[in-house]
1. Which number in (1) part of a strand (DSSP E or B); (2) modelled with pLDDT of 95 or more marks the one condition that C85 misses?
2. Considering only residues that are under 15 Å from W87 (Cα atoms) and of a type in the set (G, A, S), which ones fall in the stretch 26-50?
3. Among residues belonging to the stretch 1-32 that are among the aromatic types (F, W, Y) and out of contact with any helix residue (DSSP H, G or I) (no Cβ under 9 Å at 6 or more places or on another chain), point out the one that is least open to solvent (accessible area, probe 1.4 Å).
Amino acid sequence: FEVNVYNNLPKDNSKLVTHCQSGNDDFGNRTLYVNQYQQWAFHQDLFKRTLYFCHLWWNGKQQTFDVFSKHLSGDCQTGIGGNICSWIARADGIYFSPNEVTHVGPVGVPQKKYDWQ
């Protein structure tokens, strides 16, 4: 599987801070500017217990959510490198796309999943 967290925020206030992790991996805080993304790949464990979650901060707002779990794995579509789950941060919330992202944005039509808090 591959997970992408993509910054599609407005250019005038584009800094997105991410902290993504699982029980085994902690990627620490990362700063993504507009059109940048964070990406990682992994194999789901035999019992399908693999869980990754992210905490995102932008412009005094935040959101924490699962970016991969056994429940989400079926929504990820097969790409060149494996099954792909992409999350896109926009000004009005967090979107999911079962496709890859490129330097110009996500491929396909993302669905809004979370509002900023």
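The values are calculated or read from the model by the stated rules, or taken from the named source; none is laboratory data. Since we're looking at a predicted model, the values are computed, not measured. Cβ coordinates were reconstructed from backbone atoms using ideal geometry, including for glycine residues, and neighbour counts include every protein chain displayed. All accessible areas refer to the heavy atoms of the entire protein, side chains included, with ligands and DNA or RNA removed. Shrake-Rupley method; radii C 1.70, N 1.55, O 1.52, S 1.80 Å.
1. Here C85 clears every test but (2).
2. A41, the sole residue that qualifies.
3. Here is the first cut: in the stretch 1-32, the residues among the aromatic types (F, W, Y) are 1, 6, 27.
The next check asks that each one be out of contact with any helix residue (DSSP H, G or I) (no Cβ under 9 Å at 6 or more places or on another chain); those that pass are 6, 27.
Working: Y6: 0, F27: 57 Å².
It comes out as Y6.
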